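Written out below as structure tokens is the structure these notes cover.
Values quoted throughout were computed directly from the atomic coordinates according to the rules given, and no laboratory measurement underlies them. Bear in mind the structure is a predicted one, so any value in this text is a computation, not a measurement. So basically every Cβ, Gly included, is an ideal-geometry build from the backbone, and we count neighbours across all protein chains shown.
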Amino acid sequence: QNLQHISQEMGISPSLFSTQPLWQIAMVLQATQAQKLGLRAEYGIDYQLLQAAKQQHKPVIELEGAEKQIAMLLQ
């Protein structure tokens with residue numbers, strides 16, 4: 001019931017969550033709430049650091065790529 005109430009409050013169909021793992025539901029709800037609050041990715045620390053490195057022509061390497069992170073979440 002709580003998920004239905006929260007999803008309706010945020011304007012998301014509860015049926016979207018019927019096959020999703022809990023961590024993914026939490027991320028979708030968090031991202032939706034952040035967007036409604038006016039938060040934007042370009043104000044985040046990761047983006048700021050990447051832009052600073054780019055301006056200074058410094059290389060950026062991945063310590064843990066997206067594929068590895070997704071694989072860990074799927075375990």
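At what distance in nm do the modelled label points of T32 and T19 sit from each other, each positioned 7 Å from its Cα along Cα→Cβ?
1.8
Normalised radius of gyration for segment 2-74, please: alpha carbon Rg relative to 2.2 N^0.38 Å, two decimal places.
1.46
Could you please rank I45, I6, placing first whichever residue has the fewest other Cβ atoms within 10 Å of its Cβ?
I45, I6
Taking only the alpha carbons of segment 5-46, what extent do you get along each of the three principal axes, in Å, biggest first?
Dimensions of segment 5-46 along the principal axes of its Cα atoms: 32, 20, 11 Å.
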